[in-house]
1. Looking at (1) closer than 21 Å to Gly14 by Cα; (2) touching a residue at least 60 places away in the same chain (Cβ under 8 Å), which one does Ile64 not meet, given that it meets all the others?
2. Assess whether Ile43 counts as being exposed (fewer than 12 other Cβ atoms within 10 Å of the Cβ), at pLDDT 90 or above and in contact with a Lys or Arg (Cβ under 8 Å, 6 or more places away or on another chain).
3. From the list Lys72, Lys94, pick out the single residue that is in contact with a Leu (Cβ under 7 Å, 6 or more places away or on another chain) and of a type outside the set (Asp, Glu).
4. Need the failing condition index for Gln52 against (1) touching a residue at least 12 places away in the same chain (Cβ under 8 Å); (2) surrounded by fewer than 14 Cβ atoms within 10 Å (Cβ to Cβ), just the number.
Amino acid sequence: MPETLTVLIPHQLGRDEALRRLKSGIEKAESQFSSVFTVQEQIWSDNRLRFQVRALGQPVRGSIEVEDAQVKLEVQLPWVIARLAAKIQQVVQKQGTGLLEKK
């Protein structure tokens, strides 16, 4: 049974700037982590991204919602990957916070 991983990343950038940085960061992550996952679907609708990737050979679905003061990531992890959820959450939290720091 899939496990939902939710990560909330606060920011002070406003929705538009956070959205711009996030889109740029996603492109970089795709190339940087291409050996771990491949993007199969990516659909933006206003400030919400729905995606499907293949990670470690497993299908993973999720969404990212960019709000005025936070970004919310929700991912449905298959049980094989869910065992790594705590580590995944730490990495996403750290990378996302770095991306959305006010500079």
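1. Going through the list (1) closer than 21 Å to Gly14 by Cα; (2) touching a residue at least 60 places away in the same chain (Cβ under 8 Å), Ile64 breaks only (2).
2. Working: exposed (fewer than 12 other Cβ atoms within 10 Å of the Cβ): yes; at pLDDT 90 or above: yes; in contact with a Lys or Arg (Cβ under 8 Å, 6 or more places away or on another chain): yes.
Answer is yes for this residue.
3. Details: Lys94 fails: in contact with a Leu (Cβ under 7 Å, 6 or more places away or on another chain).
From the options Lys72, Lys94, the qualifying one is Lys72.
4. Every listed condition holds for Gln52 apart from (2).
Yes or no, residue by residue, for (1) part of a strand (DSSP E or B); (2) under 10 Å from the mean Cα position of the chain (by Cα):
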| residue | (1), (2) |
| --- | --- |
| Ala18 | no, no |
| Gly25 | no, yes |
| Gln40 | yes, no |
| Ile43 | yes, no |
| Leu49 | yes, yes |
| Pro59 | yes, no |
| Lys72 | yes, yes |
| Gln90 | no, no |
| Thr97 | no, no |
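The values are calculated or read from the model by the stated rules, or taken from the named source; none is laboratory data. On a predicted model such as this, the values are computed, not experimentally measured, just so you know. Here Cβ is always computed from backbone atoms with ideal geometry, including for glycine, and neighbour counts include all displayed protein chains.
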